[in-house]
Each structure stands twice: as structure tokens, then as C-alpha cells.
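Where a number appears in this text, it was derived from the coordinates with a stated rule and is not lab data. Every value quoted in this text rests on a predicted model; they were computed, and no experiment measured them. Virtual Cβ from ideal backbone geometry, glycine too; neighbours counted across all protein chains shown.
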Amino acid sequence: MAVLVTGGAGYIGSHAAVALHEAGREVVLIDNFINSSPLAVDAIRALTTPDLVFVEGDVCDRAQLDAVFEMHDIDEVIHFAAHKAVSQSTSAPLEYYRNNLGATIGVAEAMIEHGVRKLVFSSSCTVYGQPDVIPVTEHSPTGAESPYGWTKYMSEQILRDAAEAADLDVVLLRYFNPAGAHEGGTLGEDPNGVPNNLVPVVMQVAVGRLEKIEVFGGDYGTHDGTCIRDYIHVVDLADGHVAALDALDGQLRGTCTAVNLGTGTGSSVLEVIAAAEVAVGEPIAYEIVDRRPGDVEQIYADPARAAALLGWRSQRDLAAMMGDHWNWQSRNPHGFTE
Ligand code: UD1
């Protein structure tokens with residue numbers, strides 16, 4: 001039996017594929033390379049097995065998805081495949097709703113049709129919107145600030161309803177901010193075009209692809225005036241998915257449960273830059289500019305439920321994240337290239 005990983009060539013999906021293999025699971029990956037590279041699949045194979053099953057395809061295409069379920073013995077699914085650029089989602093909301101909700105619905109329908117029960121869904125702390133109280137627990141109020149965020153919020157609701165009606169067992173994993181890379185430096189984050197997220201920007205400045213970091217806002221009500229986020233090592237995040245699948249055979253069987261995957265520690269933008277400078281061994285140029293519209297001042301996770309229900313805790317700190325991310329970026333300054 002195998003686990004189907006949608007979006008398996010992406011940043012988190014690729015690291016999850018390696019973690020699943022290391023945990024002894026058979027893995028089938030599907031990805032349409034819209035925001036990822038075939039070279040990521042080669043890197044996964046080099047870390048796992050050369051005959052790992054990869055299908056190039058679009059999960060929004062039900063015929064393609066059905067063919068995967070028919071050809072392989074799938075008994076669990078991790079659904080990552082989605083568009084994820086917050087700013088792009090505000091200029092192309094319908095595209096985001098069509099793609100992200102279409103994918104969630106298609107995956108759930110295909111699972112039900114093929115008698116597959118266990119699903120782990122890639123959600124986001126963005127469903128907490130602008131939190132009034134931090135750390136956020138899974139009981140904190142939910143909402144969203146962007147069409148991207150709403151696609152995660154709505155996907156969660158769709159899956160809750162499908163779980164209720166069709167006996168799907170689901171873990172909704174609400175990720176905080178992933179960073180870092182596989183420790184070998186052959187697998188990591190490779191955003192298309194100019195990155196939107198902080199850590200890839202920091203690393204591209206360090207490697208000379210960008211001139212300086214624009215720090216969005218230095219006048220927030222935090223200890224150094226910059227925003228606070230819960231950065232989590234992508235390998236810890238990947239391990240959280242293995243733990244979630246295991247839990248679906250144990251105490252989470254028969255449920256649809258939201259679980260935060262974060263460290264419980266907040267770091268400011270300037271603290272991230274300082275940790276990156278230690279990893280790189282050189283100063284990294286930055287300038288404080290205006291706030292970015294829609295940014296939350298501070299958010300970090302209460303990770304207690306993940307510990308209680310999944311037996312999972314993050315293991316790696318910010319220094320390790322920056323060290324591993326730099327190891328990947330410095331060995332692959334232009335990401336996955338021939
Ligand atoms: C956002 C989304 C999150 C999504 C993630 C990945 C929200 C609230 N969060 O996270 O759901 O999963 O993107 O796409 O929608 N920063 C700079 N300069 C930069 C880039 C970022 O100062 O060039 C700052 C931001 O202002 C923020 C922090 O760095 O304070 C982290 O930003 P980013 O990496 O974009 O992640 P989020 O906005 O937290």
C-alpha cells in the first residue's frame with residue numbers, strides 16, 4: 001500500500017516524500033510542475049529510491065487522478081498541491097478558488113470513489129487571520145485575510161463536511177512558516193521568480209541574486225518593531241505529516257481534526273536576518289521600508305495539541321533552519337538547475 005502525495009515536487013511535498021520513505025512507506029508523487037521542477041524529483045529519488053513512483057499530472061483533472069488511484073494501491077493521501085502566493089491571490093482570486101478548491105474537492109471525491117479513508121491536508125496558520133490572542137490554539141477564531149487564505153479556510157470546511165458525510169478521516173495541518181532544507185543540501189526551496197517570503201529573500205540576498213532585503217515595517221508593537229512569526233524547519237514539518245498519518249490509524253481514527261504545526265517560538269524579521277548572518281558568516285544587507293498591506297503583527301503556535309495527538313514536536317531551532325537553508329542555497333545558488 002502507498003501514500004499518494006499531491007504537489008510532491010514542491011518545497012514541503014518533496015521533504016515529506018523523503019520523510020515518508022525514511023519511515024518505511026511506499027510513496028506515489030503527483031505534481032504538474034507549475035511551481036516546481038522535475039529536478040526536485042531527481043533529488044528526491046537520489047535520497048530515496050531510483051524507482052520511486054512519480055506521475056506528472058494535475059490533481060484538478062479527475063481523469064488523471066482516477067488513473068493514479070486505479071494504477072497504484074493507494075491507502076492514504078497527503079494533499080499539498082495548491083497555488084500559494086498571497087499577493088497573486090488578490091489579483092487572480094477566481095484562479096485561486098478554482099484551482100485550490102477544485103483540487104481539494106477532486107482529491108476528496110477520488111478518495112471516496114476508490115475507498116481511501118485517510119487524508120492529511122496542507123492547511124495554514126493563515127486561517128487564524130489577525131489573531132487577538134497569541135499563541136494561537138486550534139480553538140482560536142478563524143477567518144482569512146486573502147483569497148489564498150480563504151481557499152485554506154474553505155478547504156478545511158469542505159473536508160470537515162466530506163469527513164462527516166463519507167467517513168473520511170482527516171488531519172488538517174495548520175503550518176506556520178516553513179524554512180530550512182534537507183541537511184544534505186540537495187533538496188530545498190526553489191521559488192519561481194522573485195520570492196515573496198522572507199527566508200528565500202534573505203538567502204537570495206546572501207547569495208547575490210538580490211541586492212537587499214526590504215524589511216516590511218519597523219514600527220510594529222514588538223520588541224524590535226518588526227513582525228513576529230513561528231518559523232519551523234521543513235524537515236520537522238515533513239515529520240509532522242508522518243506522525244499525522246500514524247495518528248489516523250490510532251487515536252485520530254474516525255475524526256477530522258485541525259492541528260497546528262509550529263515550534264511555539266516567535267522570531268522577528270530582524271532575528272531571522274541575524275540568524276542567517278551567523279549561518280552565512282557575513283552581514284546581509286537590509287533596509288526597513290513601509291509595512292506590507294495585510295501582514296499580521298505577530299503570530300506563533302501553541303503546539304500542545306500536536307504533541308498530545310500526534311506525539312510530534314519540532315526538533316530544530318532557527319539556527320539550524322538558517323544553516324540548512326544556506327547550505328542548500330549556497331550549493332545551488334539558482335535552485336534546481338542542470
Ligand atoms: C504568508 C501567509 C501564509 C503562507 C505563506 C507562504 C498570511 C498571513 N500568511 O506568510 O499563510 O503559507 O505566506 O506563502 O497570509 N517580510 C519582509 N520582507 C520580505 C518578505 C517578508 O520583511 O521581503 C516579512 C513579512 O512582513 C512578515 C515576515 O517577513 O512579517 C514573513 O513573511 P512571509 O515569509 O511572506 O510569510 P507570511 O506573510 O507570514
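Things worth noting here:
- Here Cys256 meets the list (1) closer than 25 Å to Asn332 by Cβ; (2) of a type outside the set (Gly, Ala, Ser); (3) more than 9 Å from the ligand (Cβ to nearest atom); (4) surrounded by fewer than 20 Cβ atoms within 10 Å (Cβ to Cβ) almost entirely, failing just condition (1).
- Any chance Ala320 is crowded, with 17+ Cβ neighbours inside 10 Å and touching a Phe, Trp or Tyr at 6+ places or on another chain (Cβ under 9 Å): no
- Taking strands (runs of 3 or more DSSP E) as the structural unit, those lying wholly within region 115-228 and holding at least 3 residues that are crowded, with 19+ Cβ neighbours inside 10 Å correspond to 118-124, 169-175, 177-179.
- Hits in region 206-229 (condition: over 20 Å from Ala320 (Cβ atoms), of a type in the set (Val, Ile, Thr) and more than 9 Å from the ligand (Cβ to nearest atom)): Thr222
- Count of region 229-279 residues, restricted to those that are part of a helix (DSSP H, G or I), under 30 Å from Val289 (Cα atoms) and not hydrophobic (A, V, I, L, M, F, W, C), is 2.
- Of all the residues in region 303-322, those that are part of a helix (DSSP H, G or I), in contact (Cβ under 8 Å) with a residue 60 or more places away in the chain and out of contact with any Asp or Glu (no Cβ under 6 Å at 6 or more places or on another chain) number 8.
- The set of residues from region 91-126 being of a type in the set (Lys, Arg) and more than 30 Å from Pro293 (Cα to Cα) comprises Arg117, Lys118.
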